[in-house]
Protein chains: 2
Amino acid sequence: MKSSNISILGSTGSIGRNTLKVVEHLGGINVKALAAGSNADELYSQVKKFRPELVSCIDDASASKLEALFSSNGASSTDLPRILVGDEGLNEVATFEGVDTVVSATVGAVGFVPTLKAIEKGRRIALANKETLVIAGELMTRAAAENSAELLPVDSEHNALHQCLRGESPKEVRRLILTASGGPFRTKSLEEIRNATVEEALDHPTWDMGDKISIDSATLMNKGLEVIEAHWLFGFDGDRIGVVVHPQSVVHSMVEYVDGSIIAQLGVTDMRHAIQYALTYPERLVNCLPPLDFTEVSKLTFEEPDLERFPNLKLAFDALERGGTVPAVLNASNEVAVQAFLDGKIPLHSIAAINKLLIENHIPEQIESLETVLAADAEARAIAADQVRAVLKAAAPSNSV
Amino acid sequence: MKSSNISILGSTGSIGRNTLKVVEHLGGINVKALAAGSNADELYSQVKKFRPELVSCIDDASASKLEALFSSNGASSTDLPRILVGDEGLNEVATFEGVDTVVSATVGAVGFVPTLKAIEKGRRIALANKETLVIAGELMTRAAAENSAELLPVDSEHNALHQCLRGESPKEVRRLILTASGGPFRTKSLEEIRNATVEEALDHPTWDMGDKISIDSATLMNKGLEVIEAHWLFGFDGDRIGVVVHPQSVVHSMVEYVDGSIIAQLGVTDMRHAIQYALTYPERLVNCLPPLDFTEVSKLTFEEPDLERFPNLKLAFDALERGGTVPAVLNASNEVAVQAFLDGKIPLHSIAAINKLLIENHIPEQIESLETVLAADAEARAIAADQVRAVLKAAAPSNSV
């Protein structure tokens, strides 16, 4: 059933902004609540345009800035939505009364708790925050089943898989095939990847995305996290999930069936497609994107991923196989390491080195509750931070872990 | 529901032989009746192996040869199936008692009447004979609806479309996109095509098929007939059916939805895939083909079809738009002209020239009954034969119509 009343966790990020573009295009959807990142100016524009009843800011400073923007533009207090901050705000936005669909688009582990709360309310979840499934897919999917909450993937790959599985029987699936653009370092040598700058790593060839996910794309960790996400969304083990590098990003993913048939979903590389699909499913509505032009596509290529140059992908399969808290540890370690890379503290290849060390030394626990996950997450973050310091200490910029 | 008892119209052709390979692989399917072409030796092997109760030969000579093969191999009369010949035999095979699925795989218009009779019996039709839909799609689909007969396309493109439409709503389809290999003359000049030999025209780059369909692939008439077939199978007009040249024949066809999403079916180029799909639908069963290997695929290309070098494709869209008996006339003309080309009587480009002349001079009639179609078909064959003679008379091999 098409969404009528939505809230967005992460409204000022790229998924959040694109969701609002889709809402504008579709019409007839009320934006009831927004939880934003630190971009108060963007949030201010969103509030003015979409008139949500509730807004959550990342911290008090952002909230003050938002209020200041309203008063400096002569708004009376009745124009202002209710404003909350931090985790409390995220949870309120996630569970806001009257909302049928929650777009979960925060970056990283912060989205986990509010998304779980939304699931417990039986909301449809348009899920762009892959970490929520990576760190606690078991809790998430169990809660979704118990509360009849629909999980609709917004990631273009999983959205494609969702489309390729329509009208089919899961038991007739041989394997899911996630496509990967290969990122900016697909054709680069190991040495070139070691010396990559932040700018080079952020320069994704086909998708325009946030910083964290761009770095994850450059190291193929993004694809690794997607493999784990696919496991939880669709219920297949790692040996039934494959990855194919497809630099043009035209085929967004595929499903191979037991009869050898492969169903693929193709489209333009614009996340508004997947967002709209998640908001309107099972209907397909006309969207505002240009159609895929086959005279422009002209050539699609495919190659195997190179696990030596991109060890993060292998680590993700390992983490999925070991199960329990291992994927949560991998995710936490990776978040810390990616931030350290973005801050210029460690070289690119140290991300995988830190991740590897973290998961190899982690003794997995079964995930019985949220607390297990959060403890593993916190512990991994602390150890990863130590590792970042160790890399810094080892000093000269060309040194490795 | 998976087929249990089948009969085959055209068992010694390439679709027929591959159907029997699929039957052998799947197990548990009884071959109740076979109607064959002129290859009595092949039919003899099939009868020995699959023990049908009824066999139909193309003519008395073939029937005598089949009987002789049995007696020379010491078979007693009780080993022999019932043997019929010609149209009567085809009709008996098509309507044989206890059969749930009829594989309609004769070449050309001869399959029309028996396939219609099978539809009237409510049989599932695994349809490889595209002419049946081209010449009288209206009668065929109306009869199928009235008799709850399922039409399952065996043509790889339509089978792909059938797969791409699973779980989707027809009203959300923007257009069907048939892929075309482009045939052996895809990169050839108009002049080279004019001077093409029969051998060159039969040399299809990706599919191993019968002579008639190979020539139709070389002229793109095959794709044109498929456009008309797709119209009848799926109910979309010509302006919602596109053709894209895709030389690797890995993407068998695609459906573009109103939200810009394109669902494609990919697989190895072996017709056993589509045959098995038609026999086991809605189930997908493990088949005997190697999976598609993406490291071998490596590159897929797409280009617009060139209607100047391949005028037959344009003629098919024109015939579909004009409707009524025009597609039947195009099909009949094309059958006569292709045979004349195969017999060395006319050059390749005369096929389209004759087809064009035929449909331009035909005054379309509404198709009210089988008789209308058969009359248009017969008249078109006579005029096309005259045109072949005219080309022959104009004499020198390099002359054109």
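Quote the charge dipole size of the range A:91-166 about the Cα centre in Debye, to the nearest 20; the model charges only the Cβ of Lys and Arg (+1) and of Asp and Glu (-1).
Approximately 100 debye in magnitude.
Remind me, relative contact order of the range B:5-153 in percent, using alpha carbon pairs under 8 angstrom and six or more residues apart?
23 percent
Testing the spin-label approximation: label points 7 Å from Cα along Cα→Cβ at residue B:75 and residue B:120. State their distance in nm.
Output for this residue pair reads 3.1 nm.
Chain pair B, A: how much accessible area is buried, both chains summed, with a 1.4 Å probe, in Å² to 100?
For chain B against chain A, roughly 3400 Å² becomes buried.
Using a cut-off of 14 Å between alpha-carbon atoms, which aspartates and glutamates can reach residue B:117, once sequence neighbours fewer than 8 places away in the same chain are excluded?
Here the aspartates and glutamates satisfying the reach criterion relative to residue B:117 are B:87, B:88, B:92, B:97, B:100, B:146, B:150.
Kindly provide the pair-distance distribution of the range B:196-299 built from C-alpha pairs, with 5 Å bins from 0 and whole-percent values in order of increasing distance.
Using 5 Å bins, I get a P(r) of 2, 9, 16, 21, 21, 19, 9, 2, 1, 0 for the range B:196-299.
Just for the Cα atoms in the range A:19-60, what are the lengths along the principal axes, largest first, rounded to whole Å?
In descending order, the Cα extents are 33, 16, 15 Å.
For residue A:392 and residue A:288 in one chain, what is 0.36 nm times their gap in residues minus the Cα-Cα distance, to one decimal in nm?
32.7 nm
Tell me the relative contact order for the range A:323-401 as a rounded percent, counting alpha carbon contacts under 8 Å between residues six or more apart.
Working: 94 pairs, mean separation 34.7, N = 79.
Relative contact order, the range A:323-401: 44 percent.
Using 0.36 nm per residue, how much length does the chain from residue A:145 to residue A:24 gain when fully extended, once their Cα-Cα distance is taken away?
Using 0.36 nm per residue and subtracting the Cα-Cα distance, I get 40.4 nm.
How would you rank A:263-269, A:372-378, highest first, on the average number of other Cβ atoms within 10 Å across their residues?
Peptide ranking by packing, descending: A:263-269, A:372-378.
Calculate, axis by axis, the spread of Cα positions in the range B:1-123 along the three principal axes, and write the results as whole Å, longest axis first.
40, 31, 25
For the cross-link pairs B:48/B:212; B:49/B:345; B:65/B:223; A:171/A:223; B:32/B:299; B:314/B:393, which exceed 32 Å when the distance is taken from alpha carbon to alpha carbon?
Working: B:48/B:212 28 Å; B:49/B:345 39 Å; B:65/B:223 37 Å; A:171/A:223 24 Å; B:32/B:299 43 Å; B:314/B:393 28 Å.
From the list (B:48/B:212; B:49/B:345; B:65/B:223; A:171/A:223; B:32/B:299; B:314/B:393), the Cα-Cα distance tops 32 Å for B:49/B:345; B:65/B:223; B:32/B:299.
Leaving out ligands, DNA and RNA, what percent of the accessible area of the range B:5-153 is carbon and sulfur, probe 1.4 Å?
45 percent
Measuring nothing but label to label, 7 Å from Cα along Cα→Cβ, what are residue B:345's distances to the other copies in nm, shortest first?
In ascending order, 8.4 nm.
I need the helices of chain A that pass two filters: whole DSSP H segments spanning 20 Å or more by Cα along the axis, and mean Kyte-Doolittle score no lower than 1.0.
Details: long enough: A:130-146 (21 Å, 0.28); A:326-342 (24 Å, 1.06); A:370-393 (34 Å, 0.49).
Qualifying helices: A:326-342.
If the viscosity is 1.567 mPa s and the temperature 4 °C, what translational diffusion coefficient in µm²/s does Stokes-Einstein give for the range A:262-401 when Rh comes from Kirkwood over Cα pairs?
Calculated translational D: 72 µm²/s.
Find which of A:122, A:353, A:231 sits farthest along the positive direction of the dipole of chain A, computed with +1 on the beta-carbon of Lys and Arg, -1 on that of Asp and Glu, about the Cα centre.
Going by the charge dipole, the pick is A:122.
For the range A:238-330, evaluate the Debye formula with one uniform point scatterer on each Cα (no solvent term) and list log10 I(q)/I(0) at q = 0.20, 0.25, 0.26 Å⁻¹, rounded to two decimals.
Those come out to -1.15, -1.23, -1.25, one per q.
May I have the convex hull volume per residue, in Å³, for the Cα set of the range B:323-401? Write out the running numbers ahead of the final one.
Details: hull volume 5.4 nm³, N = 79.
It is 68 Å³ per residue.
Viscosity 0.890 mPa s, temperature 25 °C: give me the Stokes-Einstein translational D for the range A:113-156 in µm²/s, with Rh taken as the Kirkwood radius over C-alpha pairs.
Answer from the Stokes-Einstein relation: 244 µm²/s.
Let me check I have the definition right: for the protein assembly as shown, take the eigenvalues of the Cα gyration tensor, multiply each by 5, take square roots. What are those semi-axes in whole Å, largest first?
Semi-axes, largest first: 59, 28, 26 Å.
In square angstrom, what is the accessible area per residue of the protein assembly as shown with a 1.4 angstrom probe? Display every interim value, and only then the final one.
Values: 30380 Å² over 802 residues.
With all protein chains present, the protein assembly as shown gives 38 Å² per residue.
Please find the FRET efficiency linking residue B:307 to residue A:197, where r is the Cβ-Cβ separation and R0 is fixed at 30 Å, and quote it to the nearest 0.05. Please list the in-between numbers first.
Working: r = 50 Å, r/R0 = 1.67.
It comes out at approximately 0.05.
Roughly how many nanometres apart are two label points built 7 Å out from the Cα toward the Cβ at residue B:237 and residue A:379?
With each label point 7 Å from Cα toward Cβ, the separation is 6.7 nm.
So how far apart, in nm, are the two label points at residue B:342 and residue A:342 if each is 7 Å from Cα heading toward Cβ?
Rounded to a tenth, the inter-label distance reads 6.6 nm.
If I build a Gaussian network model for chain A, linking alpha-carbon pairs within less than 10 angstrom, which residue out of A:299, A:356, A:212 has the largest mean-square fluctuation?
Maximum among the listed residues: A:299.
In square angstrom, rounded to the nearest 10, how much accessible surface does residue A:318 have for a 1.4 Å probe?
50 Å²
Over chain A, what is the mean sequence separation of C-alpha contacts under 8 Å (at least six apart), divided by residue count, expressed as relative contact order in percent?
It comes to 15 percent, rounded to a whole number.
Tell me, in nm to one decimal, what length is gained between residue A:366 and residue A:4 on full extension, where the rule is 0.36 nm per residue of separation less the Cα-Cα distance?
Working: separation 362, 0.36 × 362 = 130.32 nm, distance 3.79 nm.
Contour length minus Cα-Cα distance gives 126.5 nm.
Given just the C-alpha atoms of the range A:297-367, how large is their convex hull per residue in cubic angstrom?
Here the figure is 129 Å³ per residue.
May I ask you to find the residues of the range A:224-271 that are shielded by at least 40 Å² of accessible area once the whole protein assembly is considered instead of their isolated chain (probe 1.4 Å)?
Output list: A:258, A:259, A:261, A:262, A:263, A:264, A:266.
Among the DSSP beta bridges whose two residues both lie in the protein assembly as shown, what percent are antiparallel, rounded to the nearest 5?
For the protein assembly as shown, the DSSP antiparallel bridge percentage is about 35.
Where does each of A:32, B:65 land when they are ordered by accessible area, with a 1.4 Å probe and the largest first?
B:65, A:32
Run the 1.4 Å probe and let me know the accessible area of residue B:289, rounded to the nearest 10 Å².
Surface open to solvent at residue B:289 totals about 20 Å².
How large is the helix-only mean residue ellipticity at 222 nm for chain A, computed as the sum of -39500 (n - 2.57) over DSSP H runs with n ≥ 4, divided by its residue count, in deg cm²/dmol to the nearest 500?
Mean residue ellipticity, 222 nm, calculated: -14500 deg cm²/dmol.
Quick one: Karplus J couplings for the range A:246-256, per residue in order, coefficients 6.51, -1.76, 1.60, θ = phi - 60°, nearest Hz, x for Gly and Pro?
For the range A:246-256, the Karplus-derived couplings read 9, x, 7, 6, 8, 7, 7, 3, 8, 10, 9 Hz, x marking Gly and Pro.
What residues have an amide H closer than 5 Å to that of residue B:174, excluding those fewer than 5 places away on the same chain, when H is modeled at 1.01 Å from N in the peptide plane?
Under 5 Å from the amide H of residue B:174 lie the amide H atoms of B:256, B:257, B:258, each far enough along the sequence or on another chain.
Roughly speaking, what is the centre-to-centre gap between the range A:330-352 and the range B:211-289 when only Cα atoms are used, to the nearest Å?
One Cα centre to the other: 47 Å.
Taking loop as defined by DSSP and a crowding limit of 13 other beta carbons within 10 Å, which GluC sites (Glu not before Pro) in the range B:1-103 fit?
B:97
What is the magnitude of the charge dipole of the range B:5-153 about its Cα centre, with +1 placed on the Cβ of each Lys and Arg, -1 on the Cβ of each Asp and Glu, and no other charges, expressed in debye to the nearest 20?
Dipole of the range B:5-153, to the nearest 20 debye: 400 debye.
What are the equivalent ellipsoid semi-axes of chain B, built from the alpha-carbon gyration tensor (square roots of five times its eigenvalues), in whole angstrom, biggest first?
Calculated on Cα positions only, the semi-axes equal 31, 27, 21 Å.
The values are calculated or read from the model by the stated rules, or taken from the named source; none is laboratory data. This one's a predicted model, so the numbers in the text were calculated from it and none came from an experiment. Note that each Cβ is placed from the backbone with ideal geometry, even for glycine, and that neighbours are counted across all protein chains shown. Surface accessibility is based on the protein's heavy atoms, side chains included, excluding ligands, DNA and RNA. Shrake-Rupley method; radii C 1.70, N 1.55, O 1.52, S 1.80 Å.
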